[in-house]
Amino acid sequence: MSNEKEVSEEDKVTQTNEVIQEAEGSEITNEKMPEPEAVEHEPEEEISETVDYSDLSKSQLLATLKQLVESGKFLKIDGQVNEIKAHFDEIFHKEKEAALEEFTKNGGSADDFEYRPSEEDRSLFAVINEFREKKIEFLKEQEKNKEKNLIAKNTILDRLRELVDGEETTHSINTIKHIQDDWKKIGPVPAAQNKNLWASFNALMDRFYDNRSIYFELKELDRKKNLTHKLEICEKAEALVAMGDLKDAIKILNDLHEEFKHVGPVPREEQETLWNRFKEASDAVYSRRKEFYDGQKEGLKENLLKKEALIKKLEVDADYKGSKIKDWNSKTKEILGLQKEWEAIGPVPRENGKEINKQFWGLFKHFFQKKNHFFKELDEIRQLNKKKAEELIAKAESLKENKDWQQTANQMISLQQDWKQIGPTPEKVRDDLYQRFKTACDAFFENRRNSNKQVNKEFDQNLLAKEELIKKIKEEAGSGSTKESSLEEYIAKFNSLGFVPRKNMKEIVHKFNEAVDEYVKNLGFAGGAKDDFLFRLNLNKLQSDPNSNRVLNKKEHGIRKQIADLENNVTLWRNNIEFFASSKTADKLKNQFDEKIQKAESEIDKLKKKLTILKEF
């Protein structure tokens with residue numbers, strides 16, 4: 001009885017495994033080696049290649065890398081780890097170049113530049129090293145396991161040889177089944193030994209079935225059971241074409257290939273038909289996958305157009321120049337909105353991915369650099385304003401106990417006006433600064449209010465006294481017994497009485513002036529005496545002004561200027577008279593100038609007399 005066809009099928013699978021192992025090295029385990037068609041397509045690997053990490057930030061790349069390493073699938077994620085590192089290196093070198101540019105721009109030498117990686121950079125490098133170490137350990141462990149598996153399979157071969165060479169018993173069929181199960185459970189072995197092991201195992205199995213014809217019927221029955229099992233596998237594979245999740249369908253198909261391979265031989269006449277059916281079902285699933293990826297290309301192109309549109313929007317705002325925090329925050333919300341749109345769009349064709357990501361994130365980074373520059377300048381201004389505020393606080397605190405109410409109040413009010421002009425201060429100390437300044441101001445004005453309560457009583461008493469004095473002046477003016485000396489005494493007394501409430505100041509001064517005017521009318525002055533008295537009277541009134549010294553000095557300066565102007569005019573007129581020729585017209589003009597000179601000299605005498613009176617005050 002010949003099993004050449006069966007051996008050929010197993011050899012075909014074995015040879016395929018060897019080709020895969022030689023092409024992909026030790027990273028591909030042969031613990032569950034799929035049939036040739038499944039190996040050809042390798043869906044899991046293709047799907048993982050479509051992952052695009054170019055849109056991720058450094059923190060996102062680090063988080064993704066940690067998640068991959070924690071999965072423990074060191075061989076499967078190797079390509080993804082390398083791609084993440086490549087994107088991270090690109091960001092790292094850009095930041096390093098930007099730091100070097102900033103260093104040289106600020107006057108530094110490129111030879112002196114030393115770039116220090118951030119905590120985030122060091123974390124990623126540590127995770128990369130951790131991955132490499134774990135991968136090496138994993139591969140070492142895999143090799144150890146393969147050596148152990150090799151010993152285990154050689155042990156099974158020894159058991160199988162003993163069974164084949166020993167006497168046939170009724171338990172041989174069950175024993176061979178246990179040997180097949182044990183063989184299947186053992187994981188991969190070194191690739192160099194795999195072919196010989198499979199060849200030895202198949203040869204011993206063939207010898208077992210060929211040499212034990214007594215159990216041929218049992219063997220055929222077992223083949224029929226295997227046929228039934230493989231038909232069920234074919235039906236499951238055919239049902240995968242209609243499965244909704246393509247990724248799950250591919251995974252299940254690979255598992256079915258593994259199961260199909262280890263079921264065992266079927267009747268020879270069914271072998272090729274059965275294999276073709278299973279292959280057709282597999283090809284149908286792979287064709288559907290190909291259609292899926294072809295259909296994805298159109299979607300990727302649409303995503304490219306959408307992302308290009310977002311880049312145009314971002315170009316408009318990348319050079320935004322705002323002068324207020326509110327405006328920058330509003331514009332930032334818009335930019336972050338564009339980022340969310342970008343992230344929601346999905347991948348683009350691989351050949352466009354790197355360039356379009358570079359454009360978008362370059363503009364995105366440029367905007368936030370300008371924003372950071374604005375807030376950096378704002379922080380510097382706030383620190384300067386903080387110093388100004390502290391200086392004003394120190395002044396206010398030094399004045400809060402001062403008892404010179406009017407002058408200090410003016411100073412405090414001036415400080416409050418300066419405070420309003422300071423501008424923004426750092427938020428974390430803003431309330432504290434204002435509270436300290438307000439406390440100092442409030443303390444002074446509270447002290448003044450308490451003091452003013454007593455002062456206001458004095459002002460009310462002064463008002464009553466001044467009203468009594470005005471009443472007395474009016475009564476004396478009406479009686480006809482008026483005297484210059486009495487009026488001067490009344491004015492001096494009025495000025496000496498002190499301040500009255502602010503609300504009554506204008507009214508009491510008006511009443512006093514009316515009473516004095518009425519009194520003057522009844523004095524009966526003659527000639528220039530009245531002018532001198534009125535001038536002296538006016539000076540007496542001025543003494544009641546808190547700024548009387550300044551007013552008197554100003555009046556003296558004005559009189560002296562009038563005298564100087566008149567004397568200059570007299571000199572000019574005298575000089576002009578000397579140039580007049582003898583004629584009626586010239587004589588007339590000369591008389592006019594003489595008249596002007598006389599009036600000017602008379603006015604000069606009056607002004608000098610006022611100066612004499614002014615010196616008395």
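Ordered by 1.4 Å accessible area with all protein chains kept, His178, His262, His257 run largest first as His178, His262, His257. Take the Cβ-Cβ distance between Phe113 and Glu238 as r, set R0 to 60 Å, and report the resulting FRET efficiency rounded to the nearest 0.05. Efficiency computed from Cβ-Cβ geometry: 0.35. Approximating the spin labels as points 7 Å out from Cα along Cα→Cβ, the Lys370-to-Leu100 distance works out to 2.7 nm. Accessible surface computed residue by residue for region 419-532, with neighbouring protein chains in place and a 1.4 Å probe, gives 65 Å² per residue. Ordering 309-316, 501-508 by mean Cβ neighbour count within 10 Å, with the highest value first, yields 309-316, 501-508. Between Asn129 and Ala443, the FRET efficiency estimated from the beta carbon spacing at R0 = 45 angstrom works out to 0.10.
For region 307-401, a Kirkwood radius taken over Cα pairs fed into Stokes-Einstein (25 °C, viscosity 0.890 mPa s) yields D = 152 µm²/s.
Per residue, the accessible area of region 257-397 comes to 60 Å², computed with a 1.4 Å probe over protein heavy atoms only. Model label points for Glu137 and Tyr434, set 7 angstrom from Cα along the Cα-to-Cβ axis, are 5.8 nm apart.
Taking 0.36 nm per intervening residue step and subtracting the Cα-Cα distance, what contour gain separates Lys561 from Ser486 on full extension?
23.7 nm
Among the listed pairs Lys321/Lys438; Lys561/Lys609; Lys96/Lys428, those with a Cα-Cα distance over 24 Å are Lys321/Lys438; Lys96/Lys428. The slack between Glu401 and Arg574, meaning 0.36 nm per residue of separation minus the straight C-alpha distance, is 55.8 nm. Once you put a point 7 Å from the Cα of Lys596 and another 7 Å from the Cα of Asn456, both along the Cβ direction, what distance in nm separates them? Label-label distance for Lys596 and Asn456, simple model: 6.1 nm. Here the gap between Glu258 and Lys306, fully extended at 0.36 nm per residue and compared with their Cα-Cα distance, gives a gain of 13.0 nm.
Using R0 = 41 Å, the C-beta based FRET efficiency linking Asp605 and Ile381 works out to 0.05.
For region 49-131, the carbon plus sulfur part of the accessible surface works out to 49%, probe radius 1.4 Å. Quick check on my link table: of Lys85/Lys307; Lys403/Lys554; Lys195/Lys279; Lys472/Lys554; Lys94/Lys134; Lys503/Lys610, which ones sit more than 26 Å apart, alpha carbon to alpha carbon? In this structure, Lys403/Lys554; Lys472/Lys554; Lys94/Lys134; Lys503/Lys610 exceed 26 Å between Cα atoms.
The values are calculated or read from the model by the stated rules, or taken from the named source; none is laboratory data. None of the values given here were measured: they were computed from a predicted structure. With ideal geometry, Cβ positions are generated from the backbone for all residues, glycine too; neighbour counts draw on all protein chains shown. Accessible surface is based on the protein model in full, side chains and every heavy atom, while ligands, DNA and RNA are left aside. Shrake-Rupley method; radii C 1.70, N 1.55, O 1.52, S 1.80 Å.
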